[in-house]
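Let me begin by presenting the structure, written as structure tokens, before commenting on it.
The values are calculated or read from the model by the stated rules, or taken from the named source; none is laboratory data. Model, not experiment: these values are computed from the prediction. Methodologically, a virtual Cβ is constructed for each residue, glycine included, from the backbone with ideal geometry; neighbour enumeration extends over all protein chains shown.
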């Protein structure tokens, strides 16, 4: 039968290293892509977004890359810290503004 | 910093009972959303609400679900007759008109609904 979905992809990094989290999206008509961070027991927290007419956007310690050709989105976190440990979701949205979330990746930062 | 709040943080109910989940969106926001997250799975859209009416709803949001903005501050999600599969974390989100990022939806901390 179907799993209960507890087996999130996991990325384990050492503190201070750079992290890259990847996501494949489904709808080529989406015009915004967003990364959310979810800590245990909390709601999703906005990190950064990118419009579909861009391929790169930088924030504080984070960079989002968008490859529309292969419908791929990535989040790069520089100098990863223990506080970055969380589940990271990509999301896409279009004209209706509802968010369609991806599966999520668990980032585990080892001190 | 303004934030979305939700009550209760945890609701336990018997199958078949009605539940109302409450949210107070950020005060100057105009767009409101409910999402749910079954344990260990991704966040799923339920419904969006604007100008006192539903803008869009997903297939999950069937006749057992309803939303209401009973006053100027609260936004509620009602499930009329809960089923075991309604057990999930329910998140409220709100969005304003002129955020620095086009589509930033601010999420509340969630209500964990457990149906027994």
*Could you please give the count of residues in segment A:29-44 that are more than 10 Å from chain B (Cβ to nearest Cβ) and at pLDDT 90 or above?*
3
*Within the group A:63, A:69, A:103, A:96, which residue is outside any helix (DSSP H, G or I) and either within 12 Å of residue A:30 (Cβ to Cβ) or in contact with a helix residue (DSSP H, G or I) (Cβ under 6 Å, 6 or more places away or on another chain) (or both)?*
A:96
*asked:* I'd like the full set of residues that are crowded, with 18+ Cβ neighbours inside 10 Å and assigned to a strand (DSSP E or B), limited to segment A:26-45.
replied: A:32, A:33, A:34, A:35, A:36, A:37, A:38
*From the list B:43, B:115, which residue is touching a residue at least 24 places away in the same chain (Cβ under 8 Å) and more than 14 Å from every other protein chain (Cβ to nearest Cβ)?*
B:115
*asked:* Condition first: part of a strand (DSSP E or B), crowded, with 19+ Cβ neighbours inside 10 Å and more than 14 Å from chain B (Cβ to nearest Cβ). Now tell me which residues in segment A:75-92 satisfy that.
replied: A:75, A:77
*asked:* What's the total number of residues in segment B:9-26 that are in contact with a strand residue (DSSP E or B) (Cβ under 6 Å, 6 or more places away or on another chain) and either without any contact (Cβ under 8 Å) to a residue 40 or more places away in the chain or under 16 Å from residue B:108 (Cα atoms) (or both)?
replied: 9
_For segment B:23-43, give me each residue that is surrounded by fewer than 18 Cβ atoms within 10 Å (Cβ to Cβ) and at pLDDT 95 or above._
B:24
*Among the residues of segment A:60-74, which ones are within 14 Å of another protein chain (Cβ to nearest Cβ) and modelled with pLDDT under 95?*
A:60
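Results for (1) assigned to a strand (DSSP E or B); (2) under 16 Å from the mean Cα position of the chain (by Cα), shown as yes or no for each residue.
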| position | (1), (2) |
| --- | --- |
| B:29 | no, yes |
| B:40 | no, no |
| B:54 | yes, yes |
| B:60 | no, yes |
| B:78 | yes, yes |
| B:90 | yes, yes |
| B:97 | no, no |
*Any hit, segment A:14-25, residues being assigned to a strand (DSSP E or B), loosely packed, with under 12 Cβ neighbours inside 10 Å and modelled with pLDDT of 95 or more*: yes
